[in-house]
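Trainee: The following block contains the structure, expressed as structure tokens.
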Amino acid sequence: MAIDASRTDPMIPTHTKAWYYSEHGRPCDVLKIDLNWPIPQLKDDQVLIKVIAASLNPVDYKRMHGEFKDTDPYLPTVPGYDVAGTVVKVGGEVKKFKVGDEVYGDINEVGLSNIKILGTLSEYTIAEEKLLAHKPSNLSFIEAASIPLALQTANEGFKHAQFSAGQSILVLGGAGGVGNYVIQLARHVYKASKIAATASTVKLKLLRELGVDLPIDYTKENFEELPEKYDLVYDASYLYILVLIIANFGIDTDNEIASIES
């Protein structure tokens, strides 16, 4: 059952300010602001959020440029997956949150499937309860909004590679938006036996702080010449995350290669 987000409370908005595009192209050409974008009806399992911070990811500008228009026909649309904000209203079946709670999350459950027309680049947005979490008190709204999609991308790589505790990993681009989460997941969740990672000279200190056993300065060393063997090489240095599963270190066409969209 869907309920009007404002029908029972005149203080709940029916419309929101939002950035949107109605045609594909460069952001400077197609992105416009609407001061009166309609807020959809709130379903029983959904939460209405006052957006305090949102982040944009590669998928957002790729959608805007029309790279997925065959499977992403939604126009006009408000971009944005990641959000951090406060709960304004909850659906009738929502149990985890109440009005006033600080939350964060990715409002789209599955990549490019069933993308919400009202994204997070707006004053208000809507998400299912299961897609949100309470914002940690030690994170600002800006910090929290930067996490969801990048962290999910990092984790999907581990799942696809079937990485398990005790295995070793080499992360290419370890100081990047996805790479830093790959390292933290490898250390604290997947319990890697050894973590090596590449970065530029000025970012080697960050790698050590994240828990990297072997920081590699790619401006001075060629990772392909490392003598060590790694169970997984995780390339987080491009917009497409390449996960190379290897039994013996080296780029080998016989190795399984999985491509995961960032």
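The values are calculated or read from the model by the stated rules, or taken from the named source; none is laboratory data. Please read these numbers as outputs of a predicted model, since none were measured by experiment. Cβ atoms come from the backbone with ideal geometry, glycine included; neighbour counts cover every protein chain shown. For the accessible areas, the whole protein counts, side chains as well, though only heavy atoms, and no ligand, DNA or RNA atoms are used. Shrake-Rupley method; radii C 1.70, N 1.55, O 1.52, S 1.80 Å.
Trainee: Residues of segment 107-125 with the amide nitrogen closer than 20 Å to a label point 7 Å from the Cα of Ile33, along Cα-to-Cβ, please.
Mentor: It comes to 118-125, nothing else.
Trainee: Can you give me the C-alpha center-to-center distance between segment 108-146 and segment 202-230, rounded to a whole angstrom?
Mentor: Rounded to whole Å, the Cα centres lie 33 Å apart.
Trainee: Ignoring everything but the protein chains, give the 1.4 Å probe accessible area of Thr86 in square angstrom, nearest 10.
Mentor: In the full protein context, Thr86 sits at about 30 Å².
Trainee: Sticking with this structure for a sec: GNM on the chain, C-alpha springs below 10 Å: top fluctuator among Gly179, Gly92, Gly119?
Mentor: Gly92
Trainee: Run down the lysines and flag those whose C-alpha is under 18 Å from the C-alpha of Lys96, throwing out any fewer than 8 positions away in its chain.
Mentor: Lys43, Lys50, Lys130, Lys135
Trainee: Next question. Which percent of the accessible area of the chain is formed by carbon and sulfur heavy atoms (probe 1.4 angstrom)?
Mentor: 53
Trainee: Starting from the coordinates of the alpha-carbon atoms of segment 76-224, obtain the Kirkwood hydrodynamic radius over all distinct pairs and give the value in Å to one decimal.
Mentor: Result for segment 76-224, one decimal place: 17.2 Å.
Trainee: Something else now. In degrees between 0 and 90, to the nearest 10, how far off the longest principal axis of the chain does helix 148-161 point, with axes built from Cα atoms?
Mentor: Helix 148-161 and the main axis of the chain meet at about 40 degrees.
Trainee: Expressed as an acute angle from 0 to 90° and rounded to the nearest 10, what is the orientation of the C-alpha long axis of helix 179-188 relative to the principal long axis of the chain?
Mentor: Once rounded, one gets 80 degrees.
Trainee: Also, quick follow-up: Order Arg63, Arg26, Arg187 by their accessible area, 1.4 angstrom probe, all chains in place, largest first.
Mentor: Listed by decreasing accessible area, they come as Arg26, Arg187, Arg63.
Trainee: In nm, to one decimal, how far is the Thr219 label point from the Asp45 one, both placed 7 Å along Cα→Cβ?
Mentor: 4.9
Trainee: Give me the net charge of Pro73's neighbourhood, meaning all other residues with Cβ under 15 Å from the Cβ of Pro73; Lys, Arg count +1, Asp, Glu -1.
Mentor: Charge balance near Pro73 sits at 0.
Trainee: Can you give the convex hull volume of the alpha carbon atoms of the chain per residue, in Å³?
Mentor: So the per-residue Cα hull volume is 149 Å³.
Trainee: Let me ask another. About the Cα centre of segment 118-244, what is the dipole size in debye to 20, counting +1 per Lys and Arg Cβ and -1 per Asp and Glu Cβ, all else neutral?
Mentor: 300
Trainee: For segment 35-120, what does the accessible surface come to per residue with a 1.4 Å probe? Please give it in Å².
Mentor: 44
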